[in-house]
Amino acid sequence: MNSTATRKVALVVGANGVIGRNLIDHLITLPDWDVIGVSRRGGESSEHVRYVAADLLNIDELHEKLSDVTEVTHIFYAAYQDRPTWAELVPPNLSMLVNIIEVIEPIASGLKHVSLMQGYKVYGAHLGPFKTPARETDANHMPPEFNIDQQNFLEERQKGKAWTWSALRPSVVCGFSLGNPMNLAMVIAIYASISKELGIPLRFPGKPGAYNSLLEMTDAGLLAKATVWAATDERCANQAFNITNGDLFRWNELWPKIAQYFGMETAPPLQMSLDVHGRQGAALEQNGREAWACPEFL
C-alpha cells in the first residue's frame, strides 16, 4: 500500500464485472491509488489490489470481512444482481448498496466520495423509446426502477456529510471480463453458432424498432477514466453524468457484418427471446434440426 498522506484507496464493489474489472485495470496504472476489490468470487490479490470475497446481501458477512478497510477514501459501486422482473430487481440491488454504505461509512473516516454506476434504464430504455438526447436533468419514469432508488438513497444519505457522490450513466458497455455472463457479444456469438449449426440464416432477434434505431455504446476503458474523473474533480460533486463514446450505429448495418464474420446469410428480423429459445435449441439439437423448426417449440 502507498505510504504517502495523499494516497487514495478505492473500494471497487462488483470487482469481477466488465465495469469493475476495467476500472481496477485503470486505477492500478495511476500512481496514487490502492485498490480493494469486492465480489462474490473474490480474486487473486497483488501488490496494488486486494480482493475480498463477500456476499453483498449478507451484512453480517460484510461487517466481518470488511471491518479492517478503514483506509477507504472512495467507493466505486458497480455491483448488480439480476431478477426475472423489474419489480424484483429493486430489493436486492438497493440492499447491496445500502449494506456497503452501512458497513464502510462508520469505519472509513477519510471517505471522500461514493461513485454509483447506473445506465440508460434511468431514462426508461428498458421500457421502449425515450427522449433523445437524454439529459441528466430529465424527469424520472414510472417505478419500479432500482437505479433511481439507489441514487435517491445516496442523495439522502449524503446530506450533511463530508463525502460526495456521483452517478455514471453509460449506454451499452463494451469491454472484456473473464467469466461474466453479462456479455452481449458472447450471447450473439452463441446465437450465431447455433443458427449456423442448424443451417438457418442469422436473424436479428430484437424488437423490430431496435433494428433500425440509432444507437451508441460506451467503451469500458473510457468509462473507467470518466468514473475516476467524476470521483476526484470537486466540480462533479453530487451530480449524474451520461458517458458514451460518441460513435453511432444501427443494427441493420452491423448485423450483416456479424453474419459475414460467421460465414452466414441473413434474413429479415424475427423477434424472440434468446434465453428461452437458446435453452430449447440446446435441448433439441440432439433430436435433429427438424425438431427446432417445429411450430410448437417457437
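Scanning segment 97-134 for residues that are part of a helix (DSSP H, G or I) and within 25 Å of Leu56 (Cα to Cα) turns up Leu97, Val98, Asn99, Ile100, Ile101, Glu102, Val103, Ile104, Tyr120, Lys121, Val122.
Of the residues contained in segment 172-183, one or more are found to be surrounded by 14 or more Cβ atoms within 10 Å (Cβ to Cβ), within 28 Å of Ala259 (Cα to Cα) and among the hydroxyl-bearing types (Ser, Thr, Tyr). Tallying residues that are within 30 Å of Arg41 (Cβ to Cβ) and outside any loop (DSSP other than H, G, I, E, B) within segment 180-210 yields 11.
Per-residue answers, yes or no, for (1) in contact (Cβ under 8 Å) with a residue 60 or more places away in the chain; (2) of a type in the set (A, V, I, L, M, F, W, C); (3) on the phi < 0 side of the Ramachandran plot:
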{"site": "Asn183", "(1), (2), (3)": "yes, no, yes"}
{"site": "Ser193", "(1), (2), (3)": "yes, no, yes"}
{"site": "Ala210", "(1), (2), (3)": "no, yes, yes"}
{"site": "Ser213", "(1), (2), (3)": "yes, no, yes"}
{"site": "Ala230", "(1), (2), (3)": "yes, yes, yes"}
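Count, please, the residues in segment 196-211 that happen to be touching a helix residue (DSSP H, G or I) at 6+ places or on another chain (Cβ under 9 Å) and either among the small types (Gly, Ala, Ser) or modelled with pLDDT under 90 (or both). Break it down into steps so the answer makes sense when it comes.
Our first condition is that a residue be touching a helix residue (DSSP H, G or I) at 6+ places or on another chain (Cβ under 9 Å); within segment 196-211, this holds for 197-206, 210-211.
Checking which are either among the small types (Gly, Ala, Ser) or modelled with pLDDT under 90 (or both) leaves us with 199, 206, 210.
Number of matching residues: 3.
Residues Asp60, Asp68: which one is part of a helix (DSSP H, G or I) and out of contact with any Asp or Glu (no Cβ under 9 Å at 6 or more places or on another chain)? When all the criteria are applied, what remains is Asp60. With respect to the conditions (1) assigned by TED's automatic domain parsing to the domain that holds Ala79; (2) of a type outside the set (Phe, Trp, Tyr); (3) under 21 Å from the mean Cα position of the chain (by Cα), Thr164 lacks only one, and its number is (3).
One line per residue, one yes/no per condition, for (1) within 19 Å of Trp165 (Cα to Cα); (2) of a type in the set (A, V, I, L, M, F, W, C):
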| residue | (1), (2) |
| --- | --- |
| Ile59 | no, yes |
| Thr70 | yes, no |
| Tyr80 | yes, no |
| Pro84 | no, no |
| Ala87 | no, yes |
| Pro91 | no, no |
| Glu102 | yes, no |
| Ala108 | yes, yes |
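In segment 32-49, what residues are in contact with a strand residue (DSSP E or B) (Cβ under 8 Å, 6 or more places away or on another chain) and of a type outside the set (Gly, Ala, Ser)?
Across segment 32-49, the qualifying residues are Asp32, Trp33, Asp34, Val35, Ile36, Val38, Arg40, Arg41, Glu44, His48, Val49.
With the requirement that a residue be part of a strand (DSSP E or B) and surrounded by fewer than 19 Cβ atoms within 10 Å (Cβ to Cβ), what does segment 218-231 give you? Asp219 - this is the single residue of segment 218-231 that is part of a strand (DSSP E or B) and surrounded by fewer than 19 Cβ atoms within 10 Å (Cβ to Cβ).
Specify the residue that is nearest to Leu127 (Cα to Cα); the eligible residues are those in segment 195-214 that are in contact with a Leu (Cβ under 7 Å, 6 or more places away or on another chain) and crowded, with 16+ Cβ neighbours inside 10 Å.
Step one: list which residues in segment 195-214 are in contact with a Leu (Cβ under 7 Å, 6 or more places away or on another chain), which gives 195, 203, 205, 214.
Applying the additional criterion that residues be crowded, with 16+ Cβ neighbours inside 10 Å yields 195, 203, 205.
Values: Ser195: 28, Arg203: 23, Pro205: 17 Å.
Looking at residues that are in contact with a Leu (Cβ under 7 Å, 6 or more places away or on another chain) and crowded, with 16+ Cβ neighbours inside 10 Å, I get Pro205.
Scanning segment 7-45 for residues that are part of a loop (DSSP other than H, G, I, E, B) and among the aliphatic types (A, V, I, L, M) yields Ala15, Ile28, Leu30.
Number of residues in segment 98-141 that are over 21 Å from Trp33 (Cα atoms) and either exposed (fewer than 12 other Cβ atoms within 10 Å of the Cβ) or not hydroxyl-bearing (Ser, Thr, Tyr) (or both) equals 27.
Residue by residue through segment 236-251, note down the ones that are in contact (Cβ under 8 Å) with a residue 40 or more places away in the chain, within 21 Å of Ala220 (Cβ to Cβ) and in a loop (DSSP other than H, G, I, E, B). So that I can check it myself, show each step before the final result.
Within segment 236-251, the subset in contact (Cβ under 8 Å) with a residue 40 or more places away in the chain is 236-244, 251.
Among the residues that remain, those that are also within 21 Å of Ala220 (Cβ to Cβ) are: 236, 240-244, 251.
Scanning segment 236-251 gives a single hit, Thr244.
The set of residues in segment 18-51 that are touching a helix residue (DSSP H, G or I) at 6+ places or on another chain (Cβ under 9 Å) and crowded, with 23+ Cβ neighbours inside 10 Å comprises Ile19, Arg21, Asn22, Leu23, Ile24, Leu27, Val35, Gly37, Val38. Cβ separations smaller than 9 Å between residues 6+ apart or across chains give the following pairs from segment 49-65 residues that are more than 18 Å from Tyr80 (Cα to Cα) to residues that are in a helix (DSSP H, G or I): Val49/Ile24; Val49/Leu27; His63/Glu102; His63/Val103.
Checking the stated criteria, Thr85 turns out to be surrounded by fewer than 21 Cβ atoms within 10 Å (Cβ to Cβ), within 27 Å of Met217 (Cα to Cα) and out of contact with any His (no Cβ under 8 Å at 6 or more places or on another chain).
The values are calculated or read from the model by the stated rules, or taken from the named source; none is laboratory data. Keep in mind that what you see is a predicted model, and the values were worked out from it rather than measured. Neighbour counts are summed over all protein chains in view; Cβ atoms, including those assigned to glycine, are modelled from backbone coordinates with ideal geometry.
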